[in-house]
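The values are calculated or read from the model by the stated rules, or taken from the named source; none is laboratory data. Computed from a prediction, not measured in an experiment: that's the story for all the values here. Neighbour counts run over all protein chains shown; Cβ positions are idealised from the backbone, glycine included.
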Amino acid sequence: MNRLHNSHSVTAKRQQGIAVVEMTLVLPLLLLLVLAVAELGRVLYQYNILTQAQRDGARYLASVAIKGSTGEIELNETVGANADRTRKLIVYGNVAGTGTPLLSGLSTSDVAVTVASPTHIRVDVVYNFTPIWDITLPTFGYGAPISLNFPLRSSMVMRAL
């Protein structure tokens, strides 16, 4: 009976040791997968904020752009006069440009406001996404390290009212 008990405890210890080794091998991969999914969620969240702000800015500019006329000259003039307020609305969430930017690192120079056609305005935004850990992936001597920063680009065309 004692021999059977010793054999069972040795087998249980081996199983525990195997479980520890398996966890040591699998845990880094699971953590990397969780962090990658979290970063993807951040990208989608920030892109959503960017497009909502851009839509608000384009809607604002379209509402003040023509004021009852459909002439190309008036559209160019009103877009030029309201472009700065539109940029501030997209970046700060208000036309005064007060407060903190909606996205960290977003500035009014990242927003381009143009006339797309005689009756349409175009708003382009480029935001440089930076991961939580601003790191680069090593290539282990096979070229330059790979940066994980990339631009989020969004463009919207809206008919002036």
| task | Can you confirm whether the stretch 93-107 contains a residue that is under 22 Å from TYR45 (Cβ atoms), over 15 Å from the mean Cα position of the chain (by Cα) and of a type in the set (Gly, Ala, Ser)? | result | yes
| Does VAL26 satisfy the condition of being of a type in the set (Val, Ile, Thr), more than 19 Å from PHE129 (Cβ to Cβ), assigned to a helix (DSSP H, G or I) and modelled with pLDDT of 90 or more? | yes
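Table: residues versus (1) under 14 Å from GLY57 (Cα atoms); (2) not in a loop (DSSP other than H, G, I, E, B).
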position	(1), (2)
ALA83	yes, yes
THR86	yes, yes
LEU89	yes, yes
LEU102	yes, no
SER109	no, yes
ALA112	yes, yes
ALA116	no, yes
MET158	yes, yes
| task | With the condition kept exactly as written, say whether any residue in the stretch 65-74 is under 16 Å from VAL157 (Cα atoms) and buried (at least 18 other Cβ atoms within 10 Å of the Cβ). | result | yes
| Residue satisfying condition, being in contact with a strand residue (DSSP E or B) (Cβ under 7 Å, 6 or more places away or on another chain), of a type outside the set (A, V, I, L, M) and free of Cβ contacts under 8 Å to residues at least 60 places away in the same chain, within set THR108, THR139 | THR139
| message | Given the condition within 25 Å of LEU32 (Cα to Cα), touching a helix residue (DSSP H, G or I) at 6+ places or on another chain (Cβ under 7 Å) and not basic (Lys, Arg), answer yes or no: does some residue in the stretch 142-156 qualify? | response | yes
